[in-house]
1. Can you tell me, using C-alpha contacts under 8 Å and at least 6 residues apart, the relative contact order of region 315-383 as a whole percent?
2. Could you grab the relative contact order for the chain? Cα pairs under 8 Å, six or more apart, rounded to a whole percent.
3. Modelled label-to-label distance, Ile290 and Lys425, 7 Å Cα→beta-carbon offset: nm?
4. Just to verify a number: FRET efficiency for His173 and Lys61, C-beta to C-beta distance, R0 = 45 Å, to 0.05?
5. As a check on your grasp of the helix formula, calculate [θ] at 222 nm for the chain: sum -39500 (n - 2.57) over DSSP H runs of n ≥ 4, divide by the residue count, round to the nearest 500.
6. Where does each of Asp347, Asp389, Asp365 land when they are ranked from fewest to most other beta-carbon atoms within 10 angstrom?
7. What translational diffusion coefficient, in µm²/s and rounded to a whole number, does the Stokes-Einstein relation yield for region 393-539 at 20 °C and a viscosity of 1.002 mPa s, taking the hydrodynamic radius as the Kirkwood radius over Cα pairs?
8. Within a 10 angstrom radius of the beta carbon, how do Glu458, Glu145 rank from fewest other beta carbons to most?
Amino acid sequence: MDVLRESTGSAEGSLTRRQLLRAGGAGAALLAGGGLLEACSSGSGTGAATSPASAASRAKKGGHLTVAVLGGSTSDTLDADAEVSTPDLIRVTALYNGLVTYNTSGTDVVNELAEEMTPNADATAWTIRVRSGVTFHNGKTLGAEDVAYTIRRIADPKAPLNGYSVLSQVDLHNMQILDARTLRIHMKRPLATLPEQLFPSYNYGIVPVGYDPKNPVGTGPFKFKSMTPAQQSVFERNDNYWKSGLPYLDGITIIDSFADSQSAFNALQSGTVNVYAEADHNTARQVKNIPGLKSVISAGGQWIPFTMRVDQPPFNDVRVRQALRLIVNRPQLVDVAFDGYADVGNDIFGQHDPVYNAALHRSQDIPQAKFLLKQAGHENLTVQLVTSDIAGGAIACAQVLSQQARAAGVTINLNQLPSSSFFGKGYLHYTFAQDYWDYNPYLSQVAQATLPDSPFNETHFNDPAYISLYNQANATLDTAKRTDICHEMQQIDFTQGGYIIPAYNKIVDLMSTKVNGFPSGAGGGIPLGNCSWETAWLE
């Protein structure tokens, strides 16, 4: 039986989920015209980023950090469990904590507000004990009743929030408060993977009973001061934060009114802001030669898949899906579309999860792609790909694929939509398109994207064997056995699924050399070292 126990670390980052309806937040570099593949760059330039380990020994308190981020809108929110955009994400991670989080590398679940999470023998019930001595920003002590309230709030079928797909499996009428800090929840069906599925943690922020998102109160390192949607939000240090000695900063201002990447970068160069979070990849390269600026680069966490609807021709023929995957020259795409700021992907997700099968990999094979297309009766195939500036490198990825496909006799015509239109009525219904996801553990991603009842099943994947394996994995407490089951599922993803995942792209944050404490190499796929607000400090 796996028991998730208290982590001794005091500075763990949060994990990610994909940003629905983000309005081109990463500022993609659009590569127009011909000769795209000839523009291939060698390597990626970075400024020197101070490691959090070395910086922590000389970290000092004080100072106010100002951060630029793209994608603000009049729908900006501070709701702990209803984030939509990148600005929302980086705000809520400053205000709230989840029961669990991931370590900085994104490979292990560790407890955050939970002291212990323990399943019963068949994972049909979980006992959750929260830490002692944790207080909300309003002075209320964190207790079991707050966890129960948060679960009911997220799983309310009349007003479901982002984490509904997981917490809807909880029997809301059968939650037991055993004592002030201990809650027992009963499941409608076995769920051995509850801790890892409480991700991303910014969709499961714990709030107090009676919570009002218009006057947000959490347990996070910073407290709410003010917000003007599509303009800026201001937070001040939580002096009663439960992690001793943290945070270092007096406050944070997050500005999301910038029209484009260049205006945000200009603000950084002029000193108007200290940080430009999630910069586009072309802008990131410029920092190498600018004194006083540096970059912090994450591990490959985000991914921009090509989505093929398996229930619509020509992609209802698995041979066509296999052929399209074999067309992609992945190293070339990484160099061109991401300027080298990405790792090669192999059409399966959950790349930081211990259950990820690294033995599965795919290389370009044009002769085999031609053979499969001919066998399927689709020689000289012509398809339309719906693309949009939904994330840095998205349109460039589409352009690269279109050019690479010519070698197999395939014509891919691009239909470029504004991001607001892309996420309109056609979203999740396009025959061939793209999307944007941040990192999720494998089974959590399955729940969101590849089951018939997944809220974002954009490939319309529906495989009875796959569903059966998913249910088996959730009911299996033995880690080794569950890994074996997940490998079987990934084999199905790899051979029959509707995703082409050519790369796991990196986040590049640009900042003044006076900014410290944001770890490089974080694997969560979200800005600022998995939004490590509590360890950030200014020289």
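1. Values: 56 pairs, mean separation 31.8, N = 69.
About 46 percent, as a whole number.
2. Numbers: 1354 pairs, mean separation 139.5, N = 539.
Relative contact order comes out at 26 percent.
3. 4.3
4. Values: r = 47 Å, r/R0 = 1.03.
Efficiency at R0 = 45 Å is approximately 0.45.
5. Numbers: 16 runs with 136 residues, N = 539.
Helices in the chain give a 222 nm mean residue ellipticity of -7000 deg cm²/dmol.
6. Values: Asp347 24, Asp389 21, Asp365 16.
By the 10 Å Cβ count, ascending, the order reads Asp365, Asp389, Asp347.
7. Values: Rh = 18.5 Å.
Rounded, D is 116 µm²/s.
8. Values: Glu458 21, Glu145 15.
Lowest to highest Cβ neighbour count: Glu145, Glu458.
Every read-out reported here was derived from the displayed coordinates using simple, explicitly stated rules and does not represent laboratory data. Bear in mind that the values here come from a model prediction, so they are computed numbers and not experimental data. Please note: Cβ atoms are built from the backbone with ideal geometry, for glycine as well, and neighbour counts cover all protein chains shown.
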